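Taken together, the values in this text are just the output of simple stated rules run on the coordinates, not laboratory data. Note that the coordinates shown come from a computational prediction; the quantities given were computed from them, not determined experimentally. Neighbour counts are summed over all protein chains in view; Cβ atoms, including those assigned to glycine, are modelled from backbone coordinates with ideal geometry.
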Amino acid sequence: MLNSILTKEQLMPDDLLYLLKLTNEADLEKLFAASYAVKEQHVGTKAYFRGLIELSNICVKDCYYCGIRKGNKQVPRFETSVTEALELAQWAYDNEYGSVVLQSGERQDSAFVQTISHLISGIKEIGASPGLGITLCLGEQTPETYREWFKLGAHRYLLRIETSNKKLYKQLHPNDGTHSFEQRVDCLTELSKIGYQVGTGVMIGLPGQTEEDLVNDILFYEKMDIAMVGMGPYVVHKDTPMGGDVIQNGLDTEEERAKRLTTSLKMIAATRLYLKDINIAATTALQALHPLGREMGLKAGANILMPIITLPAYRSQYQLYDNKPCIDDTAEKCKECLTGRVLSTGDSIGFGEWGDSVHFNSQSRH
Ligand code: SAH
């Protein structure tokens, strides 16, 4: 059964379900070998670096799973200045990272929107053309804001749907008028219309999430014709309502965490086999569950890494989940460490290249 699925030209939803239910080590190895071969054929084995700048943990949202939710009073709030952020971007350029990602807690006020606009303009002035690629991960914004940032030179946007199951989405977020599944989908549609390379993704191993939900997540990526997927395991943050419940219900054991890691790797592999030429990130959360989590992600079919270049002073305050790796590191240390890790998998690194989505480029040619 497994062999016949892995040699199919195009998988069906039932095949995806079968793959997500695999548990046997030898079967998993076969799965990852097959997804790595599809990555090699469709996007190549160069991993692209996007230097991640975590700008601020100030957030207007109250997501039950997230460590920087507005309701978490334990965490001191910080904001990176434009000058500091531009220095980090310059470092990324000097170190031949092709792109930067600007990520932040969510705010829609005009001071925030303008700060980001200044920052995008400033980053575009760094280095010789085409300079750094810019990915934004700044949550839900108005169409006007999305358009302004695109006009200034941001060209990719990552907005995770978190789960494509509406009922589960409701359980993950308070019913306070600011968290709507439909609105998030509308944002993704708007971003595509504007011309961004749009990325989305989900958390894997959420309480109450089934393998069928995960299959539907992959079908959601297909339906939205996304260029990029950034998904990873759900990782407990103890000072959140959801994390507290999971701990109390005895569901944050070694065994449960290992399961969330394996399911995440199976999701990367199944998504690669199904969608072939999109970009897929090996996310930092993989490493929160296993020291070699990101390398395992590359082996399972991912081709993008987001090394953290956030100012060391702010790193410990940007903890979306517990055990976040690299919080005591500097950008130099992260570069050295990740470079070694990538080369150990047999992949190479696309230094100085944007590494845009092959899928997006081939779509826009037609
Ligand atoms: N405010 C931005 C950036 C959010 S942080 C936005 O809404 O897009 C980026 C991602 O971190 C979120 O989309 C979520 O999927 C992930 N995240 C948050 N808490 C997490 C947790 N406890 N475990 C794993 N991933 C988490």
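Observations on the model:
- Binned Cα-Cα distance frequencies in the chain - 20 Å width, integer %: 31, 63, 7
- Here GLU182 and GLU336 are evaluated by their C-beta separation; at R0 = 30 Å the FRET efficiency comes out at 0.10.
- Helix content alone sets the calculated 222 nm mean residue ellipticity of the chain: runs of n ≥ 4 DSSP H residues at -39500 (n - 2.57) each, divided across all residues, give -14000 deg cm²/dmol.
- For the chain, Cys with no neighbouring Cys Cβ under 4.7 Å: CYS59, CYS137, CYS187, CYS326, CYS334, CYS337
- Phi angles across the stretch 159-167 convert, under the Karplus curve 6.51 cos²θ - 1.76 cosθ + 1.60 with θ = phi - 60°, into 3J(HN,Hα) values of 9, 6, 7, 6, 7, 8, 8, 4, 5 Hz, Gly and Pro given as x.
- Distance between the 7 Å Cα→Cβ label points at GLU353 and ALA37: 2.3 nm.
- Between the stretch 309-366 and the stretch 1-80, the alpha-carbon center distance in angstrom: 14 Å
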